[in-house]
Structures are given as structure tokens and as C-alpha cells.
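Okay, so here's the structure we're looking at.
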Amino acid sequence: MAAPVLIIGAGPAGLAVARALSERGLDYAHVERHTGVGGVWDIDAPGTPMYESAHFISSRTVSGFSGFPMPDDYPDYPSHRQILGYLRAFADHHGLTGRIRFGTEVTSLAPEASRWRVGFADGTTAEHSAVIVCTGAQWTPLAPSIEGFTGEVRHSVTYRSADEFAGRRVLIVGGGNSACDIACDAARTAAHASISMRRGYWFIPKHVFGVPSDIVGGAGSFLPKRLERALLQPLLRLLVGDLTRVGLQKPDHKLFETHPVLNDQLLHHLRHGDVTPRVGVRGADGATVTFTDGTSAPFDLILLATGYQHAVPFAQDLFGDPQHPDDLYLNAFSRRHPGLYAVGFTETNSGAYHLFDKQAHLVAGYLGERAAGTQMAARFAERIRSDRPRLSNGLRFDSSPRHRGYVDADAFVAYLDRTGAEFGWAVGSEAAR
């Protein structure tokens, strides 16, 4: 007989969920389409967006799972290989690895009476009373077309190493952290490197006074967000300087209204002329790309670091909007489909693992009550249907697709903690003990 609960995906979110369920003694099955633990952090996994120079953009001291910190000998910002090692150590330490069925891809998911029928790539099916989708948000690329360009165009999901740029004229399109990382790779090996950003962004140095910036910033997180912003914006201008001096556009929004860029190296390369800043792309004719300010230049390769859809290809109809799963209470509990959950699709302004942890323990707490048929389960089911908290912490987030469903981490954590305390479901690593 199949386990009551199925976890799909063995990346960071899936592992957080597996630990939460196992700590509560809840029976579950766990499947992963690849051959090992790690999700996007396994650079050898087919379809991963990982590249050789990738590092965490939140520091190790605030980025680990509760009760299982990253090793003291890790640097402030671990590499992708160190993160993969950490995830596999976490899974082994908590006895999760041996319970995962690797090489098992889910191809369909459909409600059937009070259960869920799951179809797999090998043609088999299974039924479960609850399904927790933890497939991650960086597998389905958003790739705008560049009409008229006759050179090579591809999305950064295919990028692995700076060697790919050797001797080529490269244009990186995008203003996120990956785009900036990859532009720095191009600065070292390309014949010419440019980065195109449609707008200006706030750049935050990875270290402030020699300390990781998220630790410094965290010291002020008790303040109202607008007051924190009022203090930090002048500090950033002092630390980073006037970005228009290096050819970048002035931010057209206030700090925290979009996802910030944590990168020191791009500013270094811009100041040394290793990377040419460009505004948005207007169009192309052959190898020549024209930008919205009327300038143009020839390129051999355009790499689109333009983000990802939060798609769930095997069950998109259940999750709605492919850019951001809709109607999920606390970004985890489906309002439209009882018994369907998702962890790992939250867009926020902090490290994610502690958020996965808290969501996982809330889901596990509810599943335990639901299995027992308690009044507490009925109360929380009503909460799922009716509660629509504002989790912006007073901020007005940008209207771009990425920021649809975006939450402020401080507000989100506080609400998850309050909800867990109200229902008696602790959200730390020893929640069931």
C-alpha cells in the first residue's frame, strides 16, 4: 500500500519537507527524477541552471537549515559544490537519502475522489492522500526572442563555464545576480563583454566592514522596513558610489522594491573597462544589436539571463499561473485543491532554507492533525481558505512577473512563527520532540 504522503523533488525544499515529516513520524514516499540529492545545486543534473562560478548569495551563517548549520570551514559565500556537499550531508545525517527513489520522474498528477493519482515516466501510477511538490523554481527558462539576430542566442540555463566565451563578442542580457556573475566570467575570457539591463538596480556589496552584508543588515531587521530602508539607502550610496559613473542606470525604484543584486565583482569590471554597460535591447540586424538609447554593437553570442518561470509542467493546471503558482496560502497550501502542497516557490529578499524549514514544519503539523481528523485540522483548513495576510512589511514591490507573490522575509518568518505557535506546531528543527 502506498504511503499516505508523496514528496516530489529532493532539492533543498524536498529535503526540508522530508525531515519535518520524519520528525513527526509521518509515513511518506519520496521521489526524485535525477540520480542524487541536490536539485539545482548538482551541476551534473540534466537541466540544472548551475554554472562553475556560482556561489551562494546569502552567507553561510544565515543560510543553513535549522539545527544543522553549514560547516565552520566553509567560506562566507560557499560555492555550488560546497552547497551540494552540505545538502547531501544533511540528507544523510537525518536518514533521508535511503528513503528517496531516484530516477523516478513524475509525469502527471490528478485528483481522484479524496486522493491523488500520480503518473510516472515508466508508465506506473500510485495513489496518495497528499502530495507535496518541491520541484523548484529554476528549471523552466523565460527567454525573450531577439528578432533579426543571426548569431547564437541561448538562455543561461545552458551555461556552465567561462570557457564558452573564449574569443567571442558576448552580450549578457539581464539584471539579476546570475546575469552579473556570468558577465564577470565573460570579462575574463571573452574578446568583448557587455551586459544589457533594462533598468537600474540597487547593488549591495557582499561584505560591509569585512562582515557579510546580510549579517549587518539583519541587525536592523527589528526596525520597520521603511525606516530600515531610510537608513540603508544613504549607506549604500556611500559604500557603492554613484552607479551612473560606471554606465549603469540609476535605480527607478526604492531599495527592497525589487530583488537586490549582491555582487562586488561586476562593479570592479565595469570600472576597469572589462565589461561594457548597455541599456535594454531594441532589436538586431544580423550580428549588430541596437539598444534603446540608439547605440549599437556587433556580437557573436547573446546569453539571456532573463529568469525562470515557477512552472510545474506535470500539473500546471493545478497551480495556475506558470510564472508564479497562484492561490497558495503561505506559498505552501493550495486553496483550490485540498491535499496539494508546494514548498520551494517563494520569492523573497533573503536566504531561502530557513523559510523552507518553517513551511515544511507547518505542512507536516497540518498533515499530522489531518491524518488524525482533529478539530485543529478543521480550524487550519478554514484558515487556508480564508486567511490572506499581507506579507510585504509595508513595502510596495515592483510589478514585474518575478515579483508577483514576492514576500518580505522578515514579515514572512514572523507570520509563519505566529501561525505555528497558534496551532502548536513548532517550526524549528526539533519540532516533534
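The values are calculated or read from the model by the stated rules, or taken from the named source; none is laboratory data. Please read all numbers here as calculations on a predicted model, not as lab measurements. Reconstructed Cβ throughout: ideal geometry from the backbone, glycine too, with neighbour counts over all protein chains shown. SASA here: full protein model, heavy atoms, side chains in, ligands and nucleic acids out. Shrake-Rupley method; radii C 1.70, N 1.55, O 1.52, S 1.80 Å.
For the range 152-161: of the residues being within 20 Å of Arg278 (Cα to Cα) and buried (at least 19 other Cβ atoms within 10 Å of the Cβ), which is nearest to the chain's Cα centre (by Cα)?
So the first thing to find is which residues in the range 152-161 are within 20 Å of Arg278 (Cα to Cα), and the list is 152-156.
Adding the requirement that they be buried (at least 19 other Cβ atoms within 10 Å of the Cβ) leaves 155-156.
Working: His155: 17, Ser156: 15 Å.
Residue satisfying both the conditions and the ranking: Ser156.
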Residue list for the range 384-402, filter: open to solvent by less than 50 Å² (accessible area, probe 1.4 Å) and in a helix (DSSP H, G or I): Ile384
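Would you say Asp214 is of a type in the set (Asp, Glu), more than 25 Å from Ile172 (Cα to Cα) and open to solvent by 40 Å² or more (accessible area, probe 1.4 Å)? I'd like the intermediate steps shown before the answer.
Values: of a type in the set (Asp, Glu): yes; more than 25 Å from Ile172 (Cα to Cα): yes; open to solvent by 40 Å² or more (accessible area, probe 1.4 Å): yes.
The answer is yes for Asp214.
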Restricting the range 127-147 to residues that are within 15 Å of Phe314 (Cβ to Cβ) and in a strand (DSSP E or B), which is nearest to the chain's Cα centre (by Cα)? Thr140
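Could you tell me which of the residues Ile43, Ile57, Ile83 is assigned to a loop (DSSP other than H, G, I, E, B) and within 15 Å of the chain's Cα centre (by Cα)? Working first, answer last.
Numbers: Ile43 fails: within 15 Å of the chain's Cα centre (by Cα); Ile83 fails: assigned to a loop (DSSP other than H, G, I, E, B).
From the options Ile43, Ile57, Ile83, the qualifying one is Ile57.
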Among the residues of the range 343-358, write down those that are among the polar types (S, T, N, Q) and assigned to a loop (DSSP other than H, G, I, E, B). Thr346, Asn349, Ser350
Just to be sure I understand the filter: pairs with C-beta atoms under 6 Å, separated by 6 or more residues or on different chains, first member in the range 1-28 and farther than 18 Å from Ala342 by Cβ, second member part of a helix (DSSP H, G or I) and at pLDDT 95 or above. Which pairs pass? Arg24/Ala364; Arg24/Gly368
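To keep it simple, each residue is scored yes or no on (1) part of a loop (DSSP other than H, G, I, E, B); (2) touching a helix residue (DSSP H, G or I) at 6+ places or on another chain (Cβ under 9 Å).
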{"site": "Leu266", "(1), (2)": "no, yes"}
{"site": "Thr290", "(1), (2)": "no, no"}
{"site": "Leu303", "(1), (2)": "no, yes"}
{"site": "Ala311", "(1), (2)": "yes, yes"}
Pairs where the first residue, in the range 355-376, is over 24 Å from Phe65 (Cβ atoms) and open to solvent by 30 Å² or more (accessible area, probe 1.4 Å) and the second is part of a helix (DSSP H, G or I) and of a type in the set (Asp, Glu), C-beta under 6 Å, 6+ apart: Met376/Glu369
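Criterion first (open to solvent by less than 10 Å² (accessible area, probe 1.4 Å), at pLDDT below 95 and over 30 Å from Ser108 (Cβ atoms)) does Ser59 satisfy it? Please lay out each step first, then the result.
Details: open to solvent by less than 10 Å² (accessible area, probe 1.4 Å): yes; at pLDDT below 95: yes; over 30 Å from Ser108 (Cβ atoms): yes.
Answer is yes for this residue.
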Here the residues within the range 6-27 that are surrounded by fewer than 24 Cβ atoms within 10 Å (Cβ to Cβ) and closer than 17 Å to Phe333 by Cβ are Leu6, Arg24, Leu26
Answer residue from the range 403-424, given it is more than 22 Å from Ala377 (Cα to Cα) and surrounded by fewer than 18 Cβ atoms within 10 Å (Cβ to Cβ) and is nearest to the chain's Cα centre (by Cα) among those: His403
Which listed residue is touching a strand residue (DSSP E or B) at 6+ places or on another chain (Cβ under 7 Å) and either at positive phi or open to solvent by 50 Å² or more (accessible area, probe 1.4 Å) (or both), from Ala183, Ala166, Ala191: Ala191
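Restricting attention to the range 324-351, which residues are acidic (Asp, Glu) and either more than 10 Å from the chain's Cα centre (by Cα) or at positive phi (or both)?
Hits for the range 324-351 are Asp326, Asp327.
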With respect to the numbered conditions (1) more than 24 Å from Thr158 (Cα to Cα); (2) part of a helix (DSSP H, G or I), which one is the sole condition not fulfilled by Gly294? (2)
Which one of these is surrounded by 15 or more Cβ atoms within 10 Å (Cβ to Cβ) and farther than 24 Å from Ile8 by Cβ: Pro49, Pro69, Pro78? Pro78
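So that you can scan it fast, the table gives a plain yes or no per residue for (1) closer than 30 Å to Leu304 by Cβ; (2) buried (at least 21 other Cβ atoms within 10 Å of the Cβ); (3) more than 20 Å from the chain's Cα centre (by Cα); (4) of a type in the set (D, E, K, R):
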| position | (1), (2), (3), (4) |
| --- | --- |
| Thr150 | yes, no, yes, no |
| Val173 | yes, yes, no, no |
| Ala179 | yes, yes, no, no |
| Pro234 | no, no, yes, no |
For Arg278, are the conditions met, namely being surrounded by fewer than 18 Cβ atoms within 10 Å (Cβ to Cβ), under 30 Å from Phe299 (Cα atoms) and modelled with pLDDT of 90 or more? no
Regarding the range 293-300, can at least one residue be identified that is at pLDDT 95 or above, over 14 Å from the mean Cα position of the chain (by Cα) and buried (at least 18 other Cβ atoms within 10 Å of the Cβ)? yes
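Kindly indicate which of Gly339, Gly307, Gly351 is closer than 18 Å to Ala20 by Cα and touching a residue at least 12 places away in the same chain (Cβ under 8 Å). If you could, list the steps in order and put the result at the bottom.
Values: Gly307 fails: closer than 18 Å to Ala20 by Cα; Gly351 fails: closer than 18 Å to Ala20 by Cα.
The unique qualifying residue is Gly339.
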